[in-house]
Amino acid sequence: MQLIVTGGLGASGSWIVDRLAGPHDVLCLDYDLPDDGRDDVDYRAVDLTDTGAVFDIVTATKPDAIVHWAAIPVAGTRAGTELYQNNTLAAHNVLTAAGRVGADVVQASSDGAYGFFFAAETPVPDELPITETHALRPEDDYGLSKVVTEEIGKTVARRDGISVASLRPSWIQLPAEYPCRDPEYLDDPHAGAGNYWSYVDVRDVVDMVEAALDAEFEGHEAFNCVAEDNALGEPLLELIDEHIGGVPDDATVECDASAYATAKATRLLGWEATRSWKDVGGSV
């Protein structure tokens, strides 16, 4: 399969490239060229907000699918207007070009689209566990950019007949780091309340990317991408009640489970998270 991966030099994007290269022909698009790239990957430096450059590369390559992973990844690192403009324009260019050549798309959305983490006051969610149908109510430019990115996916899928999977990871952890096990984080439970102490191992994220590329579904679908447990290993409902101030009346989360439901990904993609902070350091 001929694949384009955008943002393939990033912290999580590089894991995606490493997994897909070899079994597939991979063209990695990023803002810069790598100092020491893989021999089996073709690299191209491109500003994804440059519509002409994106269309030139995609229409010349005519990939079978595109993994769109490039973005300014979190609020607070750039001016909000710059972040929003970069993320939405890049998504519009990449997905529109994908639609023109009939390439299916797997793209990075985020649990930030729900609007919990950067809200002025972290709200009690409408449901627990949180499914992909939960309302999206971001108050920040990053979360808003991800909502718009998903809407672009819906539009392109509807118009051009391709499939678009929008993955919603929550605080991606790299095996050598795992900041959710940092003593400072563990000693201040309120610090993780904004995403209800959710996280996901980067290897499970890559598993979902691969599963979404292989899956057969129509139109646009969003998928929560989180570990099965919460980062503190404590009863979730008690944590939310103590640090957020209440839980939904019909909450069905048990013990130390994650706040997010992943049953949809299991049903449509055959994916399940298999890694936990409890076994940090497992092999790839």
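Here is how the numbers come out for the structure above:
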read-out: Relative contact order (%) - criterion: Cα under 8 Å, at least six apart; region: the chain; value: 17
read-out: Dipole magnitude of the chain, debye to nearest 20 (Cβ charges: Lys/Arg +1, Asp/Glu -1, about Cα centre); value: 980
read-out: Rg(Cα) / (2.2 N^0.38 Å) computed for the stretch 50-105, rounded to two decimals; value: 1.22
read-out: Convex hull volume of the stretch 2-279 per residue (C-alpha atoms, cubic angstrom); value: 127
read-out: Placed amide H near GLU234: partners under 5 Å, 5+ positions off or other chain; value: none
read-out: GNM top mover of GLY13, GLY194, GLY37 - the chain, alpha-carbon springs below 10 Å; value: GLY37
read-out: Cα-centred dipole magnitude for the stretch 90-146, charges only on beta-carbon of K, R (+1) and D, E (-1), debye, nearest 20; value: 340
read-out: Computed magnitude of the charge dipole of the stretch 129-284 (debye, nearest 20; Cβ of K, R +1, Cβ of D, E -1); value: 640
read-out: Given charges at Cβ of Lys, Arg, Asp, Glu: the chain dipole, positive-most of CYS225, PRO129, TYR178; value: CYS225
read-out: Note, ³J(HN,Hα) from phi for the stretch 181-190, Karplus 6.51, -1.76, 1.60, rounded to Hz, x at Gly and Pro; value: 10, 5, x, 5, 5, 5, 7, 10, x, 5
read-out: Charge dipole (the chain, unit charges on Cβ, about Cα centre) - positive-most of ALA113, TYR43, ALA193; value: TYR43
read-out: Least to most buried among CYS255, CYS28 (fewest other Cβ within 10 Å first); value: CYS255, CYS28
read-out: Residues with amide H under 5 Å from that of HIS220, placed H, sequence gap 5 or more; value: VAL164
read-out: Expected 222 nm ellipticity per residue - DSSP helices of 4 or more, -39500 (n - 2.57), all of the chain, to 500; value: -10000 deg cm²/dmol
read-out: Residues whose placed amide H lies under 5 Å from that of VAL5, excluding near-sequence neighbours; value: LEU27, CYS28, LEU29, VAL67
read-out: Rough spin-label spacing in nm, given labels placed 7 Å along Cα→Cβ, for ASP279 and THR155; value: 4.3
read-out: Positive-end extreme of charge dipole, the chain - chosen from ALA91, ALA273, VAL209 (charges on Cβ); value: ALA91
read-out: Listed residues ASP214, ASP36, ASP50, most fluctuating in the chain (Gaussian network, C-alpha, under 10 Å); value: ASP36
read-out: Cα shape, the stretch 138-208, gyration tensor, a/c 1.5 rule; value: oblate
read-out: Hz values of 3J(HN,Hα) by residue in the stretch 9-16 - Karplus curve (6.51, -1.76, 1.60), Gly and Pro given as x; value: 9, x, 4, 8, x, 5, 5, 5
read-out: For the stretch 111-142 and the stretch 178-236, distance of Cα centres in Å; value: 15
read-out: 3J(HN,Hα) from dihedral phi, the stretch 142-148, Karplus parametrisation 6.51/-1.76/1.60, rounded to Hz, x for glycine, proline; value: 5, x, 5, 5, 6, 4, 5
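Each value in this text was obtained by applying a stated rule to the coordinates, not by laboratory testing. Keep in mind the model is a prediction, meaning the values are calculated, not measured. No Cβ is skipped: glycine too gets one built from the backbone with ideal geometry, and neighbour counts run over all protein chains shown.
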